[in-house]
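K.L.:
This is the structure I want to talk about, given as structure tokens.
The values are calculated or read from the model by the stated rules, or taken from the named source; none is laboratory data. Just so it is clear, the structure is predicted and the values come from calculations on it, not from any experiment. Note that we place each Cβ from the backbone using ideal geometry, even for glycine, and neighbour counts take in every protein chain shown. Surface areas here come from the heavy atoms of the whole protein model, side chains and all, with no ligands, DNA or RNA. Shrake-Rupley method; radii C 1.70, N 1.55, O 1.52, S 1.80 Å.
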Amino acid sequence: MTTGTNRLLVSPAALAEELVGEPAPVLLDVRWRLGGPPGLDSYREGHLPGAVFVDLDRDLAAPPGPAGRHPLPDPATFTDAMRAAGVSQDRPVIVYDDRDATAAARGWWLLRYYGHEDVRVLDGGYQAWLAAGLPDSQADLAGKPAEHAGKPGDFTARPGHMPVLDAAGAESVARTGLLLDARAGERYRGEREPIDPVAGHIPGAVSAPAADNVNPDGTFRTTAELTARFTALGAGPVGAYCGSGVTAAQEVLALALAGIPAALYVGSWSNWITDPARPIATGGQA
């Protein structure tokens, strides 16, 4: 998406200008990929100057269990993690990952859910920053609370500022509105399931891979393109899910860019399949 700065995304050039102003935004590096390599290793190889690494599994999720592989973190735990990263209520936050926002959007969504009002995602992530010829850093700020900020963060997590779905809510949205499955098409159809023990999708859900929300370089497609995409998929109340509620946050962000509010099923497929009484569908859409 071609953007300088808006309430959801910021371009590398616009961010570079913001970083020399006051108050400069807090930068959170949330690079993460299921199965690795570890995001902290990537951070230590190079990151935006002043960025603090946030571990998705530790800081942006509770331990896996019946609620799913990446349940919501406890508010107190999230508060501590964000304060350690230098996050304050009245200071802008920029979240980034390597390129396509599939991890960064989880940080964006959680901060919004817990009440921070000024959070944006770096469009195209770290790779876009480098492609713009902007400097990176190897200074390791991980585990060094707010040293870059000059004062400790004062953010306090207050849940409930973004809509969420539980399993019953997801089932209802699939029946009465539009429930989007953000996983790859083969996982939706049940042809391949490399992570969870059961393959398939929630009956009535519509396949809408999050990978299709971005351009080949990892930047978001234009507002017009995203609006056309989601409008063609259906109407009514909108929800999104994936395997564990991470990639689906990128779907929610793309929907927001299109002006469409959507609820996140945080537990997603990894929670849905914990109850054998819940129905499972395979194959393409009916």
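K.L.:
Could you say which residue among GLY245, GLY236 is in a loop (DSSP other than H, G, I, E, B), touching a strand residue (DSSP E or B) at 6+ places or on another chain (Cβ under 9 Å) and modelled with pLDDT of 95 or more?
P.N.:
GLY245
K.L.:
Next up: Could you look through segment 228-246, keep only residues that are β-branched (Val, Ile, Thr) and out of contact with any Leu (no Cβ under 6 Å at 6 or more places or on another chain), and pick out the one that is most open to solvent (accessible area, probe 1.4 Å)?
P.N.:
If we filter segment 228-246 for residues that are β-branched (Val, Ile, Thr), which is where we start, we get 231, 238, 246.
With the extra rule that they be out of contact with any Leu (no Cβ under 6 Å at 6 or more places or on another chain), the set shrinks to 231, 246.
Numbers: THR231: 89, VAL246: 4 Å².
Among them, the one singled out is THR231.
K.L.:
Give segment 213-222 a look and list any residue that's part of a loop (DSSP other than H, G, I, E, B) and open to solvent by less than 20 Å² (accessible area, probe 1.4 Å), or say none.
P.N.:
Matches in segment 213-222: GLY218 only.
K.L.:
Within segment 1-19, restricting attention to residues that are open to solvent by 80 Å² or more (accessible area, probe 1.4 Å) and part of a loop (DSSP other than H, G, I, E, B), which residue is modelled with the lowest pLDDT?
P.N.:
The qualifying residue modelled with the lowest pLDDT is THR2.
K.L.:
Another question about this same structure. In this structure, is GLU225 more than 22 Å from VAL121 (Cα to Cα), of a type outside the set (Ser, Thr, Tyr) and open to solvent by 60 Å² or more (accessible area, probe 1.4 Å)?
P.N.:
The answer is no for GLU225.
K.L.:
Still on this structure, I have one more. Going through segment 65-88 one residue at a time, which ones are within 23 Å of CYS242 (Cβ to Cβ), in contact (Cβ under 8 Å) with a residue 60 or more places away in the chain and aliphatic (A, V, I, L, M)?
P.N.:
Those that are within 23 Å of CYS242 (Cβ to Cβ), in contact (Cβ under 8 Å) with a residue 60 or more places away in the chain and aliphatic (A, V, I, L, M): ALA67, LEU72.
K.L.:
Let me ask another. For residues that are more than 18 Å from VAL266 (Cβ to Cβ) and in a loop (DSSP other than H, G, I, E, B), tally how many sit in segment 27-54.
P.N.:
The number of residues fulfilling the criteria is 11.
K.L.:
Is there a residue in segment 68-91 that is at positive phi, among the aliphatic types (A, V, I, L, M) and in contact with a helix residue (DSSP H, G or I) (Cβ under 7 Å, 6 or more places away or on another chain)?
P.N.:
Looking through segment 68-91, none of the residues is at positive phi, among the aliphatic types (A, V, I, L, M) and in contact with a helix residue (DSSP H, G or I) (Cβ under 7 Å, 6 or more places away or on another chain).
K.L.:
Can you tell me which residue within segment 151-168, out of those that are touching a Phe, Trp or Tyr at 6+ places or on another chain (Cβ under 7 Å) and either over 16 Å from GLY267 (Cα atoms) or of a type outside the set (A, V, I, L, M, F, W, C) (or both), is least open to solvent (accessible area, probe 1.4 Å)?
P.N.:
ALA157
K.L.:
So which of ALA105, ALA101 ends up being assigned to a loop (DSSP other than H, G, I, E, B), modelled with pLDDT of 95 or more, closer than 30 Å to ILE280 by Cα and not β-branched (Val, Ile, Thr)? Steps first, answer last, please.
P.N.:
Numbers: ALA105 fails: assigned to a loop (DSSP other than H, G, I, E, B).
From the options ALA105, ALA101, the qualifying one is ALA101.
K.L.:
Oh, and also: Tally time: how many residues in segment 20-57 are over 19 Å from the mean Cα position of the chain (by Cα) and open to solvent by 50 Å² or more (accessible area, probe 1.4 Å)?
P.N.:
Number of matching residues: 7.
K.L.:
When LEU253 is evaluated against the numbered criteria (1) at pLDDT below 95; (2) surrounded by 15 or more Cβ atoms within 10 Å (Cβ to Cβ), which criterion, by number, is the only one it fails?
P.N.:
Of everything listed in (1) at pLDDT below 95; (2) surrounded by 15 or more Cβ atoms within 10 Å (Cβ to Cβ), LEU253 misses just condition (1).
K.L.:
Which residues, taken from segment 194-212, are more than 24 Å from PRO66 (Cα to Cα) and open to solvent by 50 Å² or more (accessible area, probe 1.4 Å)?
P.N.:
Those that are more than 24 Å from PRO66 (Cα to Cα) and open to solvent by 50 Å² or more (accessible area, probe 1.4 Å): ALA211, ASP212.
K.L.:
OK, next. Just one of the numbered conditions (1) over 10 Å from the mean Cα position of the chain (by Cα); (2) within 19 Å of ASN213 (Cβ to Cβ) is not true of ALA105; which one?
P.N.:
(1)
K.L.:
Still on this structure, please answer the following. Report, by residue number, each residue of segment 179-201 that is among the basic types (Lys, Arg) and not in a loop (DSSP other than H, G, I, E, B).
P.N.:
ARG187
K.L.:
In addition: Which one is nearest to the chain's Cα centre (by Cα) among residues in segment 58-83 that are open to solvent by 40 Å² or more (accessible area, probe 1.4 Å) and of a type in the set (Gly, Ala, Ser)?
P.N.:
That would be ALA67.
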